[in-house]
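Student: Before I ask anything, here is the structure I am working with.
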């Protein structure tokens, strides 16, 4: 998997691309950690439009991003998850901690 | 029990094989004409079970994982993932949501996802001998006129 990023006015957007599973999670976590530390962003968006698969490893990754952002006094949220990623997030109850911007329905 | 088709796979517990395992089962399941949602559920459940074997059954070594998928009567896809790793000392505890021994990298949601994404989940484990996870998911007949 790949992570591209964009930064504007204190908002860091991380574009998650490919398949997020246990195999790819460690590299992804390190990349996110680095991006957040460098940018000191107050807002962090995890954009999932390019994510073709996510399992519970993604939940650990979201929680990590939440923890890091909260430590910097900021907040994190999710945008554009696929149906599959949304099901995993709903099952885990993560939206009680990290909000998911709604406008989904794509496969 | 009537088995109309099956596959059997064997692979080492390397994390790079997680993607292969879920794709192989999804490709096999395609003959039942599942919806995108059913296929997504199957891929996710397989990914969780295989990851568990890689992370917990063989924590410090590379062992073998056996995967079997069968199509049973009534359009039921049954998936079995077996390892000869260290086993789960307390299955009930391991299946609790958020329970994990995997540290910050794991969410403790693996069994919860397997349970809610399939119709049936059975876990058998013996410490020192290994674990067998069996999941079944019925693939619905799609409405005509789709």
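Student: Considering only the stretch B:44-63, state which residues are buried (at least 24 other Cβ atoms within 10 Å of the Cβ) and in contact with a helix residue (DSSP H, G or I) (Cβ under 8 Å, 6 or more places away or on another chain).
Tutor: Passing the criteria: B:44, B:45, B:46, B:47, B:48, B:49, B:50, B:51, B:52, B:54.
Student: Still on this structure, I have one more. Restricting the search to the stretch A:72-95, which residues are touching a helix residue (DSSP H, G or I) at 6+ places or on another chain (Cβ under 9 Å) and assigned to a helix (DSSP H, G or I)?
Tutor: A:83, A:84, A:85, A:87, A:88, A:89, A:91, A:92, A:94, A:95
Student: Kindly indicate which of B:102, B:108, B:87 is within 13 Å of chain A (Cβ to nearest Cβ), under 17 Å from the mean Cα position of the chain (by Cα) and farther than 27 Å from residue B:27 by Cα.
Tutor: Details: B:102 fails: under 17 Å from the mean Cα position of the chain (by Cα); B:87 fails: within 13 Å of chain A (Cβ to nearest Cβ).
Exactly one residue qualifies, and that residue is B:108.
Student: Which of the residues spanning the stretch B:1-44 are closer than 20 Å to residue B:71 by Cα, under 12 Å from the mean Cα position of the chain (by Cα) and within 9 Å of chain A (Cβ to nearest Cβ)?
Tutor: Matches in the stretch B:1-44: B:22, B:41, B:43, B:44.
Student: Among the listed residues A:20, A:46, identify the single one that is away from chain B (no Cβ under 11 Å), crowded, with 21+ Cβ neighbours inside 10 Å and under 13 Å from residue A:3 (Cα atoms).
Tutor: On the way: A:20 fails: away from chain B (no Cβ under 11 Å).
Just a single option satisfies the conditions, and that option is A:46.
Student: Given (1) at pLDDT below 95; (2) in contact with a strand residue (DSSP E or B) (Cβ under 7 Å, 6 or more places away or on another chain); (3) under 30 Å from residue A:33 (Cβ atoms), identify the lone condition not met by residue B:88.
Tutor: (3)
Student: Next question, about the same structure. Please count how many residues of the stretch A:59-70 are touching a helix residue (DSSP H, G or I) at 6+ places or on another chain (Cβ under 8 Å) and within 13 Å of another protein chain (Cβ to nearest Cβ). I'd like the intermediate steps shown before the answer.
Tutor: Narrowing the stretch A:59-70 to residues touching a helix residue (DSSP H, G or I) at 6+ places or on another chain (Cβ under 8 Å): A:59-65, A:68-69.
From the residues that got through so far, the ones that are within 13 Å of another protein chain (Cβ to nearest Cβ) too are A:59-65, A:68.
Going through the stretch A:59-70 one residue at a time, the tally reaches 8.
Student: Is it true that residue A:73 is surrounded by fewer than 14 Cβ atoms within 10 Å (Cβ to Cβ), over 10 Å from the mean Cα position of the chain (by Cα) and within 14 Å of chain B (Cβ to nearest Cβ)?
Tutor: Judged against the criteria, residue A:73 is not a match.
Student: Go through (1) more than 20 Å from residue B:42 (Cβ to Cβ); (2) outside any loop (DSSP other than H, G, I, E, B); (3) in contact with a helix residue (DSSP H, G or I) (Cβ under 7 Å, 6 or more places away or on another chain) one by one and return the number of the condition residue A:98 breaks.
Tutor: All conditions pass for residue A:98, except number (2).
Student: Of all residues in the stretch B:111-134, how many are away from every other protein chain (no Cβ under 14 Å) and either part of a loop (DSSP other than H, G, I, E, B) or in contact with a strand residue (DSSP E or B) (Cβ under 7 Å, 6 or more places away or on another chain) (or both)?
Tutor: Within the stretch B:111-134, the subset away from every other protein chain (no Cβ under 14 Å) is B:119-120, B:122-134.
Of the ones still in play, those that are also either part of a loop (DSSP other than H, G, I, E, B) or in contact with a strand residue (DSSP E or B) (Cβ under 7 Å, 6 or more places away or on another chain) (or both) are B:119-120, B:122-125, B:127-134.
Here the count works out to 14.
Student: I'd like the full set of residues that are more than 21 Å from residue A:72 (Cβ to Cβ), within 12 Å of the chain's Cα centre (by Cα) and in a strand (DSSP E or B), limited to the stretch A:5-60.
Tutor: A:17, A:20, A:48, A:49, A:50, A:51, A:54
The values are calculated or read from the model by the stated rules, or taken from the named source; none is laboratory data. What you are looking at is a predicted structure, and each value in this text was computed from that prediction instead of being measured. We place every Cβ from the backbone using ideal geometry, glycine too, and count neighbours over all the protein chains shown.
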